[in-house]
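First up is the structure itself, then whatever we jot down about it.
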Amino acid sequence: MNLTASVVLFNTPRSQIESLFKSVIESNCVETFYIIDNSPSDKWRILEEEYAERAEIAGTKIRYIHNQNFGYGTSHNLAMHEAIENGAVYHVVLNPDIYFGAEVLTALVRFMDENPDAAYVLPKVIYPNGEIQYLCKLLPTPSDLIFRRFLPKSWGVKRNDRYCLKMSGYDKVINPPCLSGCFMFMRLATLQENDIFFDDGYFMYCEDFDLIRRLHRVAKTLYLPDVTIVHDHARESYKSRKMLVAHIKSAVRYFNKWGWFFDRERREMNKGILGELRNAPN
């Protein structure tokens, strides 16, 4: 299938690692699983040995890289560039707090094979309790990413529902310009041909919005509700002051790059998906 995958670890709980490894290896279709360990020590090197037998049976090579912590996107870039050099067709960027059934990756390969104009696909994402996560979005404005973080939720319910494209029903394939980066299934040829990789200037947060926006310029970035994964999302920037500061810094970088209040491309891309949803059959 020529499919590779990567995850970045940083003081990651053992329970998350085991759930994700189980998902990847039992898929029986990942040729190389890149473990980019940005932790202070290389204690997770042991994973190569612990999962060696199961990985071999599944035809998966575990490639462990202990790396200086240059950031989330920069670390995944290492894996994607090596995957391209080795001839991979698809690559999936995984958060460590993701898990999924054995059929998921095969289904996504099949979907991408059948949709050559797509560069990215995000499956339906749910919490462990089965509640859906609304991860299809418009390209954000400053109020979407920064201001609403500090205001009561009740003050912007309608605006947030529009931003998260809830009017789509999340029950059909749509082509939003912005999607979550918790599970990024991508066509590597599109990245290579257009030199679209993570911007190394982001340390953590917003690097996914930036990359998907650039992909959306040249290909479809799709949401697929027929396939489901679980995201045990902890929303760390709501709990940690350090993570909140990192989130704000990344948002500032994003808007400095693309425009704060005057962003013609944002307006056109958002207009496109809203028009698509208005004209979609019920």
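Only the coordinates and a few stated rules stand behind these numbers; no lab work does. Source: prediction; values computed, not measured. Glycine gets a Cβ as well: all are built from the backbone with ideal geometry, and neighbour counts include every protein chain shown.
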**Complete:** Ordered by fewest other Cβ atoms within 10 Å, a rough proxy for footprinting exposure, 231, 66 read 66, 231
**Fill in**
Mean Cβ-within-10 Å packing, highest first, puts peptides 201-213, 116-128, 161-173 in the order 201-213, 116-128, 161-173
**Request:** Please work out the Cα center distance from region 28-78 to region 154-230, rounded to the nearest Å.
**Result:** 25
**Fill in**
Violations at 32 Å Cα threshold for listed pairs 22/249; 124/271; 61/220; 124/249; 220/242 -> 22/249; 220/242
**Prompt:** What does the charge count near residue 250 come to, summing +1 for each Lys or Arg and -1 for each Asp or Glu among other residues with Cβ under 12 Å from its Cβ?
**Reply:** -1
